[in-house]
Structures are given as C-alpha cells and as structure tokens.
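Chemist: Structure provided below as structure tokens; questions to follow.
The values are calculated or read from the model by the stated rules, or taken from the named source; none is laboratory data. Remember, it's a predicted structure, so these values are computed and weren't measured experimentally. Please note: Cβ atoms are built from the backbone with ideal geometry, for glycine as well, and neighbour counts cover all protein chains shown.
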Amino acid sequence: MAQEFTATPEEVEKVRQKVKANVPASVVKMGKMVDAYWEDIRRAPQEGKKVAWQVSAPGAILTQAAGMPTLFQAAFAPYCTARRWEGPLLQIANEDFGFLPDTCSYIRLHSGLIHAWDTGQLDKIRPELRIPRPDLVVCGRTCNEHSTLAELVARHANCPMVLLDDIAMGCVTEADYRKRAKFMERQMREDVIPAIEKATGRPYPYDKLSEMLSVVKQVAILRDEVTELMKNKPSPCTMFDLGISLLPLIAQMGRPEAVTYFKEFLDECKDRAAKGIGVLPEEKYRLYWDGYTTWSVLGTVMRMLAPRGGIPLAGRYTWSFWLHPEMLDPEKPLESIAYSLVRYMIPPAHPYFAKDMIMELIEDYQLDGCIMLSYVTCRMFNVGQEEFAEMAERKFGIPSLIFPCDMVDRTHVNEAQLNTRVEAFLEMIDARRRKY
Amino acid sequence: MNGSLEQFLLATENPYRYVAEWKQKNHKKVVGLHPMSIPEEMVHAAGVLPAVIWCSSDPITLGQAYAPTYHCGFTRSFIDDMVRGTLGFMDGMIFHDTCLVARGSHLAATRHNPPRYLKYIHLPPSIRGSVARDLFADTLEDLKASLEELTGERITEQSLWRSIQVYNENRSLLEKLYRLRRTKPGILKARETVAIVHSSMLMPKEEHNDLLKRLISELEKKAAPANKRVKLVLSGHFCYPPRADILDMIDELGGVVVDDEIFCGSRYFANPVKEAGNPISALFDRYSQKTPPDPTKVDTEGKWTDWGDSITGVVRRSGAQGVISLMVKFCPPHQEWHPDIKRVLSGAGVPELMLQTEREAVTLAPIRTRIEAFIESIRGAD
C-alpha cells in the first residue's frame, strides 16, 4: 500500500524563502520520502532483512525486488551533503583511513562509513547515517571508480560483491547496442541474480521485479511529461526540482507513492504552465547545468541565480534515468532493463556520447548559457566539459562557465569566487544579447 | 652494451621522432594504443607497429584549454598533442576505458586532428567469469575486423600466434633482465631499466628482442658494482614512465632500484600468454591474471590486502629494504588503493615512502630531501 507524504504550507514557504524561488509545492515532500527510504534500510537488520549496497546505474531495482533494502551510493552522498552531515565521514576517511583529499568524495563517504563500523567510531557520525553494513554489494560501472568504491566496501565489510559491467562504450550501431545489452542481460542472469538468491536464501521473485518495473515505467512517463513542460517559457520548475525527485527512479524504485508524487508534480506543473506561472518572477537566463544536483552548493547556487533571473533548466545527469520508458517491458524485465541501461542510461556519462545529448538539450530548451561544475574529485563529470563549452559556443554562440567544485566535499568549493563568476557569466550573456 | 642501451635510450628520449622516423623508413602503419591493457599482439598481427602512446615532456600549451589542471599529466599531455597535431604521423589510435580521463582523451582525439583510424574498444573490467571472457572475445573479434579493414590484410590465427610468440619472447627477455638486476643491484641505473621497458612499447618487438639479447649477454659478463646501497622497489606509476630526474635522485642518494611493479616496468611484461588453445582466449587469460593486482580492473573476489601483499612479495623476492610508491598526481586507481597498500606494508614491516609525482617541472628539492631521509632511515634501522 502507498505511504502518504505531505508538506505543510509552512514547509513549502520555508523552502521557497531559502532558495529564493517559487518551487513547486509538490516537491517539498520529497525530503520526507527520502527520510522514509533511509529509515527502511536502517531498520532492516531488526526486521531480519538482508541489506544491499548498490553502486552505479539503477540496478537497485534488482535487489529491492528481492526484498533487500538497498543503499544506493548516489543517494547516500546527497543524503549526507544536503543536510551538511558529511563532515565526520570525510574526516574519518581522510585522517583515519588515509585517503588524499582529492580522492572521489563518494568513495571517501562510503569507505568512511565502513571504517567507522570497523573501528567502533559510529559515535562520531549521526544516527541517521549509521546505515547497516552490506550483506551484498552490487556494482555497476558507469564510472570506473564505482567499482573501486564497491571493491573497497565489499572487501572491508567482508561481504560478497557482484559486478554488472555497464558496457556502452564502443557501440556505434543499434546492432552494437543490442549485442551489448545481451551481454548485460547475461551478467544479470549468470552473476547478479544468483548472488541475490544466495544472499536472501530465496528464489528470485521475477514477478515482483516486473511489478516494480511497471511502476518505474509509469513514473518515468510522468517525469517525461514534466520535462516536456519545462520547455515552456516560463518553466514551471527547475532542473533541481527534478533532481530532488530522482529517488523513485534511481534509489527506491517500484513504490506506489512514487506514482502519486509524480502525478501531483505533473498536475502542479500543468496548472502553472496553463497560467504562465514560472519558478521566477522573471526568467532571464535559461541555463544548461552539467553535473549532479550538486548538493554541496544547491541552495547556494539557487540563491545566486534566482534573484538574478537565472534558472537551471536541463542537464545530462538528471535527464539520463530511464529515458524512453515506453520501451520498458515488465514482461521481459531483465531484457528491457539491460537495454535501457546500455542504450540510454550509461552513454550520457561518457563524454563522447554526452556531447550530442548536451547540444540537443541546449537546442530543445532554448538555453542561453551553460554552467558546468567541474568536480575536482569526480572525473566522470569533469571530463570533456571544455570540449562541450567550445561546442556550445560554436554551434549556438552561447557562453559557458566551468567552475571547480565538488559534489560533496565543501573544502573544494569557494562560494565567494563562485558568486563572482556567476555574476560575470550572466553579464556576459547580457553583453552578447546586446551585441547580437 | 652501449650500442643496445643507446638504442633504447634514443627511442625513449624523443618518441615522436623515433616512431615517425621508423614509419618513414619502413613504410608501415603506426597505431597508437592508449595504455595500459590493449592486447598489442592483435595490432602487431595486423602488420602495423603498435606504439603505446607516451607522455610528452614539452610544456602543455594549446591543450590547456581542453582539460582541467586536476587531470593527470599524461592525459593533459595527450590532449595537447592532439590539439597541436604532433601525433599526425600516426595512422590510427585505439582507446579503452583505462580510467575516466581516458574517455576525455578519446573525445579529444575525435575532435582535434583525428587520425584516419580511431577505435574505442570495451575491454571487460572484470577478470572473472564467462561473461567477461565472452565479451573480451567479442571485443577482440571486432577489433580484428576493423584492423583488417585498415590494412586490407587478414589476421589469421597463425599470424596472431606468431605475434604472441614474439611478445612472449620479449616478456621472457625482460624477465631475464630483471632477474639479472635483482642479483646484480646497480648493474643498470634506474632510468636505464625504465627506458629499456619503455622502448619496448615503441619499437617493433622483433628489433627490441634482438637488442635485448645483446644487452643481456653483455650484462651477464659484467660484475655487480660493489656498493652498500639501500635496495628499493618502485611501486605504481601507471601509464607512463616515472620522471628520470627522480629516478636519478634515488641512485645519487644511495638507493638502488632492484625491482618494481610499475607500468614501465614489470607490469608491462608480467604473465606470458599461454601458447595453447584459442589465441583470443589465451589473451584473455593473460588479461585477467590477478597478479600483479591491477586497480583499473575489477576482482570481485579480491581482498583489501591483495595489492599490498603483492608488493610485499616483490620486496621479499628481491631482498629489497623498502618501497617507494610513485603516485602520479591525480591518478585515482592508485590513490584510491594506497591507504590499504600502506596498511599492509606497515603490517609487514616494509618501510614505504609515497611520492606524488607531477609531469610538469616542479621544485625537486623537497622530493630530494624526502628520498634522502627515507634512505637514511632504512640505513639507520639496519
């Protein structure tokens, strides 16, 4: 049965004041859904459930269908960072475990947690972050360092690890993608599913997987309708509102409340679009955003952009999950998950494929400029940005701002400099408009 | 000895000139391979020269605009080469997913002076399981077909086995050289050993084998220098050779490198291909070897002690007294595993110094001080 989540008008107003923008009320309750997701995982040992940690592309659906509450690595990092809880974990990772500070901050967060478990330092981290150690690690490899994260965690947690190699690079034709998807499906059948069965002690529930995939499909279709409305001027929501709403598409999949959430989100956007209500009083700069929903600076950046009329509208990360949901077939779940991963979800993480997607987004959403946060510790997203910037300039005549940052580790972020650069960047857009 | 060694040093001193001149003289194609794991034998079997792409020592200029400063020097150097067109003599390039920034190198190669033949292959990161083996085979068959299209010549099973045999001979000779170095510490300078291995990545293997045989024959007759130097193992340093000035420092300050597990060292020639069965399957068997542990690949059944244990093994077999971990700055595969390496070496009582190295000219004085102090601390302990 669907859980109910609500946000009071006071809670909505508080968020709007914080980010200086008229964000949709419906997204404000996502924070509570996130809390419930993590509470599920924390309770798992008491309820006799096995816990999985999932690294990389949304294979979490595979473990969740088997009844394993699953930490998704790209959900844990935002959970820590959005609430400014990441500090002690990074400190344990840097000072105690021994990582250099420019090591991937996702790796440091998760290794810091395992190390805290291993060395009895849980008292240094908040109770909310004391996620149980995994009984199984399932690793994709959209990013090469995903597997390092998974190996570090599994080896130190002394639990099994299984790899679902994300294998899109080198594909040129549709036939290439189909062949690779078949390899991925084999990995699921020969490696991942048996590992899950061994961890749970039960045969794999394919019917549950089909049911969850059906929900994911519904949610993704609703999401696509929202993204279509974002082409409106003014847009009814920002890319960050979508980013905040990713939980049901990447981390906690198949829950009926996700459909309710996105229906409400879509209805609110439709209503706004019909009335010409946007997120900002005046939408002056429609922007491409390259990178994650960057939790370390999310509110900060909105406070820099919104008062100046800037709205982050489209970006490859937020756009890459379960694209083309119409081709998801709950009757053939492994086959269609594999194809979706190989054909649509993994390519945007590779700069060679991402460049075309980025240019399409700029054109479709009629964007005025690009902000590309260059994560010092995340090479999956900082690779190729200079090339994208040049391409956007040549093709559309729009400028880009590339700014060193980090998705988690605030020691790599200089807010004052970011503010100055954002200001100058928006002035550059104005100057070009005057010139051309 | 000077003849062979001089040839090795000349090749590595200016790889651009060496490879371009080789191509001109021999009228054959050259295909650059992104380090570290592309099975060169397949490219060799196509009748072209497989040259492992190198890191330039020239200042990075135009390429600066296309990569952040916090990418490794090798990537920035390569991107600079592509933007400036200095690798224009190459007929082709092959890339794979060594690490994340290799993807940026590939993108740069497609956009800036791309070679006629440009291929990105997916080598399975997993070293276990039948899916990995089958995917590797599928990838190599695809690579084979594309090379045949480039050259207009078929790659037969016989030609692939011949190439494997040539490469295995090179591995065997380099292993012999390394055994000599272990038993006669100081018989070669650290920079000379690295140049010998590095030149193997640039020269036709047949020529390298001939030169190696001559060198080994001379070294076998040479006595080991009498010295009380501190014996050291070098660890890490992926994708390109360590800076010669740092290697020279080790020699100057009383150390002697007796073994290593760096890329331009024993990693390059580790594990011969088993000459039996299907050649592509045999290449996978080599590719998927667990020793030395390769952090750019995935071992789902590994232990966190694996790499540290492997380095400890190298220390024990060579009688070394310490390890210098040469970590390329901004090299995630190395830096992410280094804490565990340190823990294992410390537990095994193996002194270790970790040096982050940079491609660009940096102040060497602090590095010199640290190497000197490290060597003295080992001497003092002994």
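Chemist: Would you point out the residue of segment B:292-321, among those that are within 13 Å of chain A (Cβ to nearest Cβ) and assigned to a helix (DSSP H, G or I), that is farthest from B:E352 (Cα to Cα)?
Modeler: B:D306
For (1) over 20 Å from B:P125 (Cα atoms); (2) of a type in the set (A, V, I, L, M), each residue gets a yes or a no:
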site: B:G255; (1), (2): yes, no
site: B:D259; (1), (2): yes, no
site: B:I262; (1), (2): no, yes
site: B:Y287; (1), (2): no, no
site: B:I311; (1), (2): yes, yes
site: B:G319; (1), (2): yes, no
site: B:G322; (1), (2): yes, no
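Chemist: Within 11 Å of chain B (Cβ to nearest Cβ), over 30 Å from A:G120 (Cα atoms) and of a type in the set (A, V, I, L, M, F, W, C), is that true of A:A168?
Modeler: Working: within 11 Å of chain B (Cβ to nearest Cβ): yes; over 30 Å from A:G120 (Cα atoms): yes; of a type in the set (A, V, I, L, M, F, W, C): yes.
Spelling it out, A:A168 is indeed within 11 Å of chain B (Cβ to nearest Cβ), over 30 Å from A:G120 (Cα atoms) and of a type in the set (A, V, I, L, M, F, W, C).
Chemist: Answer yes if at least one residue in segment A:154-166 is under 22 Å from the mean Cα position of the chain (by Cα), touching a residue at least 12 places away in the same chain (Cβ under 8 Å) and in a helix (DSSP H, G or I), and no otherwise.
Modeler: Within segment A:154-166, none of the residues are under 22 Å from the mean Cα position of the chain (by Cα), touching a residue at least 12 places away in the same chain (Cβ under 8 Å) and in a helix (DSSP H, G or I).
Chemist: Further question: Hey, can you tell me all the residues within segment A:358-402 that are within 30 Å of A:R108 (Cβ to Cβ), outside any strand (DSSP E or B) and of a type outside the set (A, V, I, L, M)?
Modeler: Matches in segment A:358-402: A:T377, A:C378, A:R379, A:F381, A:N382, A:G384, A:Q385, A:E386, A:E387, A:F388.
Chemist: Quick check: anything in segment A:184-201 away from chain B (no Cβ under 11 Å), assigned to a loop (DSSP other than H, G, I, E, B), out of contact with any Lys or Arg (no Cβ under 7 Å at 6 or more places or on another chain) and within 25 Å of A:T70 (Cβ to Cβ)?
Modeler: There is at least one residue in segment A:184-201 that is away from chain B (no Cβ under 11 Å), assigned to a loop (DSSP other than H, G, I, E, B), out of contact with any Lys or Arg (no Cβ under 7 Å at 6 or more places or on another chain) and within 25 Å of A:T70 (Cβ to Cβ).
Chemist: Out of B:L143, B:L173, B:L177, which single residue is out of contact with any Phe, Trp or Tyr (no Cβ under 6 Å at 6 or more places or on another chain), part of a helix (DSSP H, G or I) and within 14 Å of chain A (Cβ to nearest Cβ)?
Modeler: B:L143
Chemist: Please go through segment A:339-376 and pick out each residue that is in contact (Cβ under 8 Å) with a residue 40 or more places away in the chain, away from chain B (no Cβ under 13 Å) and of a type in the set (G, A, S).
Modeler: A:G369
Condition check ((1) over 28 Å from B:K342 (Cα atoms); (2) of a type in the set (A, V, I, L, M); (3) modelled with pLDDT of 95 or more; (4) within 20 Å of the chain's Cα centre (by Cα)) across all residues:
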position	(1), (2), (3), (4)
A:M68	yes, yes, yes, no
A:R84	yes, no, no, yes
A:Q91	no, no, yes, no
A:D96	no, no, yes, no
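Chemist: For the structure I just gave you, tell me whether A:A314 is closer than 26 Å to A:P78 by Cα and either within 14 Å of chain B (Cβ to nearest Cβ) or surrounded by fewer than 24 Cβ atoms within 10 Å (Cβ to Cβ) (or both).
Modeler: On the way: closer than 26 Å to A:P78 by Cα: yes; either within 14 Å of chain B (Cβ to nearest Cβ) or surrounded by fewer than 24 Cβ atoms within 10 Å (Cβ to Cβ) (or both): no.
Considered against the rule, which asks whether it is closer than 26 Å to A:P78 by Cα and either within 14 Å of chain B (Cβ to nearest Cβ) or surrounded by fewer than 24 Cβ atoms within 10 Å (Cβ to Cβ) (or both), A:A314 comes out as no.
Chemist: Any idea which of B:P242, B:P204 is surrounded by fewer than 24 Cβ atoms within 10 Å (Cβ to Cβ) and either modelled with pLDDT of 95 or more or closer than 28 Å to B:F89 by Cβ (or both)?
Modeler: Just one listed residue meets the conditions, B:P204.
Chemist: Oh, and also: From B:D91, B:D97, which residue is under 18 Å from A:M169 (Cβ atoms), of a type in the set (D, E) and touching a strand residue (DSSP E or B) at 6+ places or on another chain (Cβ under 9 Å)?
Modeler: B:D97 is the lone residue from the list that is under 18 Å from A:M169 (Cβ atoms), of a type in the set (D, E) and touching a strand residue (DSSP E or B) at 6+ places or on another chain (Cβ under 9 Å).
Chemist: Continuing with this model, one more query. So is A:V219 under 18 Å from the mean Cα position of the chain (by Cα), of a type in the set (A, V, I, L, M), within 21 Å of A:K29 (Cα to Cα) and crowded, with 16+ Cβ neighbours inside 10 Å or not?
Modeler: Yes, satisfied.
Chemist: Residues in segment A:37-52 that are over 18 Å from the mean Cα position of the chain (by Cα) and part of a helix (DSSP H, G or I): how many?
Modeler: 5
Chemist: Can you confirm whether segment A:262-278 contains a residue that is at negative phi, surrounded by fewer than 18 Cβ atoms within 10 Å (Cβ to Cβ) and not in a helix (DSSP H, G or I)?
Modeler: yes
Chemist: Inside segment B:125-154, can you point out the residues that are touching a helix residue (DSSP H, G or I) at 6+ places or on another chain (Cβ under 8 Å), of a type in the set (A, V, I, L, M) and without any contact (Cβ under 8 Å) to a residue 40 or more places away in the chain?
Modeler: B:V131, B:L135 - these are the residues of segment B:125-154 that are touching a helix residue (DSSP H, G or I) at 6+ places or on another chain (Cβ under 8 Å), of a type in the set (A, V, I, L, M) and without any contact (Cβ under 8 Å) to a residue 40 or more places away in the chain.
Chemist: Is at least one residue of segment A:47-64 basic (K, R) and more than 23 Å from B:V298 (Cα to Cα)? Walk me through it before giving the result.
Modeler: The initial filter retains those residues of segment A:47-64 that are basic (K, R), namely A:49-50.
Pick out the ones that are also more than 23 Å from B:V298 (Cα to Cα) and you get A:49-50.
Checked segment A:47-64: at least one residue is basic (K, R) and more than 23 Å from B:V298 (Cα to Cα).
Chemist: Take the conditions touching a Cys at 6+ places or on another chain (Cβ under 8 Å) and among the hydrophobic types (A, V, I, L, M, F, W, C) and apply them to A:L287. Does it pass? Spell out how you get there, then give the answer.
Modeler: On the way: touching a Cys at 6+ places or on another chain (Cβ under 8 Å): yes; among the hydrophobic types (A, V, I, L, M, F, W, C): yes.
So A:L287 fits the description; yes.
Chemist: In segment B:279-311, which residues are more than 20 Å from B:E40 (Cα to Cα) and of a type in the set (D, E)?
Modeler: Scanning segment B:279-311 gives B:D299, B:E301, B:D306, B:D309.
Chemist: Also, quick follow-up: Give me a count of the residues in segment B:93-102 that are closer than 15 Å to B:F136 by Cβ, facing another protein chain (nearest Cβ under 7 Å) and hydrophobic (A, V, I, L, M, F, W, C).
Modeler: From segment B:93-102, those closer than 15 Å to B:F136 by Cβ are B:94, B:96-97; that's our starting set.
From what's left, facing another protein chain (nearest Cβ under 7 Å): B:97.
This time we only want the ones that are hydrophobic (A, V, I, L, M, F, W, C), so: none.
Of the residues in segment B:93-102, 0 are closer than 15 Å to B:F136 by Cβ, facing another protein chain (nearest Cβ under 7 Å) and hydrophobic (A, V, I, L, M, F, W, C).
Chemist: Name the residue, out of B:S159, B:S199, B:S163, B:S217, that is part of a helix (DSSP H, G or I), free of Cβ contacts under 8 Å to residues at least 40 places away in the same chain and of a type in the set (G, A, S).
Modeler: Only one candidate passes the filter, namely B:S217.
Chemist: Can you find, within segment B:356-374, the residue that is surrounded by the fewest Cβ atoms within 10 Å (Cβ to Cβ) among those that are touching a strand residue (DSSP E or B) at 6+ places or on another chain (Cβ under 6 Å) and of a type outside the set (V, I, T)?
Modeler: Here the answer is B:Q356.
Chemist: Which residues, taken from segment A:286-341, are hydrophobic (A, V, I, L, M, F, W, C), in a helix (DSSP H, G or I) and closer than 17 Å to A:A220 by Cα? Can you show your working first?
Modeler: Within segment A:286-341, the subset hydrophobic (A, V, I, L, M, F, W, C) is A:287, A:289, A:295, A:297-298, A:301-302, A:304-306, A:311, A:313-314, A:319, A:321-323, A:327-328, A:334, A:337-338, A:341.
When the remaining residues are screened for being in a helix (DSSP H, G or I), the result is A:298, A:301-302, A:304-306, A:327, A:334, A:337-338, A:341.
Within segment A:286-341, A:M327, A:I337, A:A338, A:L341 qualify.
Chemist: Does A:A150 fit the bill of being in contact with a strand residue (DSSP E or B) (Cβ under 7 Å, 6 or more places away or on another chain), more than 30 Å from B:S146 (Cβ to Cβ) and facing chain B (nearest Cβ under 10 Å)?
Modeler: Judged against the criteria, A:A150 is a match.
Chemist: List pairs: first residue in segment B:353-365 and under 19 Å from B:S56 (Cα atoms), second residue among the basic types (K, R) and in a loop (DSSP other than H, G, I, E, B) anywhere in the structure, Cβ distance under 7 angstrom, at least six positions apart or on different chains.
Modeler: B:Q356/B:K329; B:T357/B:R243; B:T357/B:K329; B:E358/B:K329
Chemist: Further, regarding this structure: Run B:K303 past the list (1) surrounded by fewer than 19 Cβ atoms within 10 Å (Cβ to Cβ); (2) over 17 Å from B:E41 (Cα atoms); (3) among the charged types (D, E, K, R); (4) touching a residue at least 12 places away in the same chain (Cβ under 8 Å) and report the number of the one that doesn't hold.
Modeler: (4)
Chemist: Quick one: in segment B:103-129, which of the residues that are at the interface with another protein chain (Cβ under 7 Å from one of its Cβ atoms) and among the basic types (K, R) is surrounded by the fewest Cβ atoms within 10 Å (Cβ to Cβ)?
Modeler: The selected residue is B:R111.
Chemist: Quick test for you: out of A:R133, A:R178, pick the one residue that is surrounded by fewer than 20 Cβ atoms within 10 Å (Cβ to Cβ), more than 9 Å from chain B (Cβ to nearest Cβ) and in a helix (DSSP H, G or I).
Modeler: Only one candidate qualifies: A:R178.
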